[in-house]
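The values are calculated or read from the model by the stated rules, or taken from the named source; none is laboratory data. All of these numbers come straight from a predicted model, not from anything done at the bench. Glycine gets a Cβ as well: all are built from the backbone with ideal geometry, and neighbour counts include every protein chain shown.
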């Protein structure tokens, strides 16, 4: 009975991974297809990569998306770390329930509602104080930071909950100031969680379509918006090449994060 259950679990696991990764593998393979028809194999070629890198619209959209994602991930990590630290270390303060709800709400709020509310906010600010003058990179970045920092806060709070506070208390008993304890003890311990939060925020920002569609304006087209507009007219081979490049970038990021985490764990041991 146990062997049958193990075989069933293993078979279900293999089916799940195949369902997830075989389409990605097919996208990578067909990105080297020489045919203009996506579903017809015409031989190996890199012509679509050459065409992709000669497409100025795609390059501009990719540059804008990576800039927004990098800025979003950095600020979301900083603000999310502070929010997670407050939730994990300050047990009682006035408004804790409201603060906790404000952190958790972006996690469960539909993206359409988030995008619409931010659009109304930016329009109201523009009418009242004249800022932002137009919707573009700045408004998209602010919107992405708004929901990305919630994910970072949850990760940091979970990591700090597992940290033994006696290490920090021992450092303060030995004469270390709170800021020194934070810099030398707490931050190195939660650094892998901060890296994970940064990568998650980067991925969420790079992947976002709905919220960016609400808060963007003319001349501010992100990569998901460009891909969506092209796919609506039919999938072209250069989209496969673009998807392959994104897969490689994400895979490299995950490998770097895994290396940093393993190195940090070895140092801790």
Checklist entry - Among the residues of segment 92-113, which ones are closer than 21 Å to residue 155 by Cα and in contact (Cβ under 8 Å) with a residue 40 or more places away in the chain? => result 103, 104, 105, 106, 107, 111
Item to check | Hey, residue 254 under 19 Å from residue 155 (Cα atoms) and assigned to a helix (DSSP H, G or I) or not | outcome: yes
Checklist entry - Pick from 150, 70, 171: which is crowded, with 18+ Cβ neighbours inside 10 Å, at pLDDT 90 or above and not in a loop (DSSP other than H, G, I, E, B)? => result 150
Checklist entry - Considering only residues of segment 126-141 that are surrounded by 13 or more Cβ atoms within 10 Å (Cβ to Cβ) and without any contact (Cβ under 8 Å) to a residue 60 or more places away in the chain, which is nearest to the chain's Cα centre (by Cα)? => result 138
Item to check | Matching residues in segment 35-46 - criterion: being closer than 18 Å to residue 245 by Cβ and in contact with a helix residue (DSSP H, G or I) (Cβ under 8 Å, 6 or more places away or on another chain) | outcome: 38
Checklist outcome for this item: Among the residues of segment 73-90, the number that are part of a helix (DSSP H, G or I) and without any contact (Cβ under 8 Å) to a residue 60 or more places away in the chain is 3
Next on the checklist: Just to verify a result, which residue in segment 228-248, among those that are farther than 17 Å from residue 57 by Cα and modelled with pLDDT of 85 or more, is farthest from the chain's Cα centre (by Cα)?
Outcome noted: 244
Next on the checklist: Within segment 174-208, take every residue that is surrounded by fewer than 16 Cβ atoms within 10 Å (Cβ to Cβ), at negative phi and outside any helix (DSSP H, G or I) and give me the one that is modelled with the lowest pLDDT.
Outcome noted: 174
Checklist entry - Residue check: is residue 78 at pLDDT below 85, closer than 30 Å to residue 181 by Cα and surrounded by 10 or more Cβ atoms within 10 Å (Cβ to Cβ)? => result no
Checklist entry - Just for segment 48-59: of the residues that are in contact (Cβ under 8 Å) with a residue 60 or more places away in the chain and in a helix (DSSP H, G or I), which one is surrounded by the fewest Cβ atoms within 10 Å (Cβ to Cβ)? => result 57
Checklist entry - modelled with pLDDT of 85 or more and either touching a helix residue (DSSP H, G or I) at 6+ places or on another chain (Cβ under 7 Å) or within 20 Å of residue 201 (Cα to Cα) (or both), is that true of residue 50? => result no
